[in-house]
Amino acid sequence: MKQRKDPDELGAKGMRTRTRLIRAAQRVFERRGFLGTTLAEVTEEAGVASGTLYTYFTNREELLAALIEDAYAQSVVPAHSRPVDEGEPVERIRAGNLEYVRAFRANRGLNKILEEARHYDERIEANRLRRGEAFFRRNAETIRAMQADGRVPGSVDPDFTARSLGLMVSRHCYHVYVNPGDPQYDSEEGAERFAEQLTRLWLRALGLKEEDS
């Protein structure tokens, strides 16, 4: 078996081949499911020799991990968000919910794969939880900022509330865009309307009045 190359050591051609394999894996995963996919099917989909894949990936799990990293890098990485002390807090909540909804909608196929795969690979589930915690922490900091300026009652637990609201958003997105699906939110206008409804739930949970929205 070929020795797997470190992505940081790949040249332009190698990166193109690696990306080609990742894109092919996503298409096959979406058609066949994570467990139903074989590496031979991925190489056939990518149009490369069977041994080429092992230059870049050892197994399905590594392919999926690379696919997840790529999707997050393009969409919902917390580092892409504004600092918690920048801008008006309610508008940060609104913008964050809209960004999350758009990213989830754009990556619905990947989210379906991830939901299946996390039950069979502890590393994938651990990575999912780690990313979730990063969002929860940022949301908790936003809540604390609103408590500091007197807009949110001190009786609200920032960490518990941020986690509860974050889980509400993520599971509702799964319900709307993956299973069972809700076509009324499938367009860009629908996604914006959906995100706004989620934001209103956020504000009510924090004890903010409608006019604060």
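The values are calculated or read from the model by the stated rules, or taken from the named source; none is laboratory data. This one's a predicted model, so the numbers in the text were calculated from it and none came from an experiment. Cβ atoms come from the backbone with ideal geometry, glycine included; neighbour counts cover every protein chain shown. Just the protein is used for accessible areas: all its heavy atoms, side chains included, with ligands, DNA and RNA removed. Shrake-Rupley method; radii C 1.70, N 1.55, O 1.52, S 1.80 Å.
Structure notes:
- On the basis of the beta-carbon distance and an R0 of 25 Å, residue 38 and residue 70 show a calculated FRET efficiency of 0.75.
- Helix axis angle, 122-148 relative to the chain longest principal axis, alpha carbon, degrees: 20 degrees
- Length added when fully stretched, residue 129-residue 186, from 0.36 nm per residue minus Cα-Cα: 17.9 nm
- Positive-pole candidate from 36, 174, 48, dipole of the chain, charges at beta carbon: 48
- When only the Cβ of Lys, Arg, Asp and Glu is charged (+1, +1, -1, -1), the dipole of the chain relative to its Cα centre reaches about 580 debye.
- Protection proxy ranking, highest mean first, for peptides 22-31, 124-133: 22-31, 124-133, where packing is the per-residue count of other beta-carbon atoms within 10 Å, averaged.
- Rounded to 10°, Cα long-axis angle of helix 158-177 versus longest principal axis of the chain: 50 degrees
- Taking all protein chains into account, the per residue accessible area for the chain stands at 55 Å² (1.4 Å probe).
- Whether the range 102-172 is rounded, prolate or oblate, judged on the alpha carbon gyration tensor where a/c under 1.5 counts as rounded: prolate
- Averaging the sequence gap over all C-alpha pairs within less than 8 Å and six or more residues apart, then dividing by the number of residues, gives the chain a relative contact order of 21 percent.
- Helical content alone sets the calculated 222 nm signal of the chain at -22000 deg cm²/dmol, taking -39,500 (n - 2.57) per DSSP H segment of four or more residues and averaging over every residue.
- Helix axis angle, 108-117 relative to the chain longest principal axis, alpha carbon, degrees: 70 degrees
- Taking chymotrypsin sites (Phe, Trp or Tyr not before Pro) across the range 100-132, the ones in a DSSP loop with at most 15 further Cβ atoms lying within 10 angstrom of their Cβ are 120.
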